[in-house]
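Report on one structure; see the data block that follows.
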Amino acid sequence: MIAIIDYDAGNIRSVEKALVLLGQEVWVTRDRERILNADKVILPGVGAFGDAMRHLEKYDLIDVIREVAADGRPFLGICLGLQLLFESSEESPGVKGLGILEGEILKIPETDGLKIPHMGWNSLELQNDGRLFQGISVHPYVYFVHSYYLKAKSEQIVTAATQYGTRIHASVERGNVYACQFHPEKSGEVGLKMLKNFAELT
């Protein structure tokens, strides 16, 4: 059973559909007990960092997420869900993130010829043998929609990076915590393979 955390953020249903397509049993929920009883948990979402943290607080989900991340069950943050795992974001000064991982969420720099938000397909440079990327080709293309990006404190947790005006840490893994800035549920066969790899983690 995979629990998808519902905190009024966009893009939750597309993640659910992708997992159902893979034959997974899925709960979309904000119920504490259901989340804590799930085998795996996903925090998806698109939207603003500050609004998202307020919604997580409103629904008493902050401590639940920290508990899941601490107890060893596979946990996956997608897009905004990745950003929320870190301490703060330039998008919402003064708003604290979950602080589960260390790094900065920064505004993508203005660069001639590049539009912000970054919307579209980019290739990934894989590193550090990420478990989500097992069985995936060396430079896979995935789909991004974002204006802010991760600069992780440690390269050791970075499993994929891409270039878009700057070097973007596109995916990270530390212990049972996984996260990606791009949308695997919108990234074709590559993304479905990543979600399958997550669903099969033990």
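Counting only residues at least eight positions apart within a chain, or on another chain, the lysines with an alpha carbon under 25 Å from that of Lys115 are Lys107, Lys151, Lys186. Kirkwood Rh over Cα pairs of segment 70-176 into Stokes-Einstein at 4 °C, 1.567 mPa s: D in µm²/s? Estimated diffusion coefficient is 90 µm²/s. For the chain, the carbon plus sulfur part of the accessible surface works out to 47%, probe radius 1.4 Å.
Given contacts defined as C-alpha pairs under 8 Å and at least six residues apart, what's the relative contact order of segment 128-202, whole-number percent? Walk me through the numbers on the way to the answer.
Numbers: 101 pairs, mean separation 26.8, N = 75.
Here the relative contact order equals 36 percent.
Take segment 91-200 with all the other protein chains still there, run a 1.4 Å probe, and you get 47 Å² of accessible area per residue. Divided by 2.2 N^0.38 Å, where N counts the residues, the Cα radius of gyration of segment 7-102 comes to 1.04. Pairs of Cα atoms nearer than 8 Å and 6+ residues apart set the relative contact order; for segment 61-199 it is 27 percent. Convex hull volume of the C-alpha atoms in segment 64-111, normalised per residue: 83 Å³.
Explain nothing, just the number: dipole magnitude of the chain about its Cα centre with +1 on each Lys and Arg Cβ and -1 on each Asp and Glu Cβ, in debye rounded to the nearest 20.
Numbers: 21 positive and 27 negative charges, 47 e Å.
Using only the charged Cβ atoms, the result is roughly 220 debye.
When Rg and the Kirkwood radius Rh are both evaluated on Cα atoms of the chain, their ratio Rg/Rh stands at 0.93.
The values are calculated or read from the model by the stated rules, or taken from the named source; none is laboratory data. What you see is a predicted model, and the numbers here were worked out from it, not measured in a lab. Cβ atoms come from the backbone with ideal geometry, glycine included; neighbour counts cover every protein chain shown. Only protein heavy atoms, including side chains, enter the accessible area calculation; ligands, DNA and RNA are left aside. Shrake-Rupley method; radii C 1.70, N 1.55, O 1.52, S 1.80 Å.
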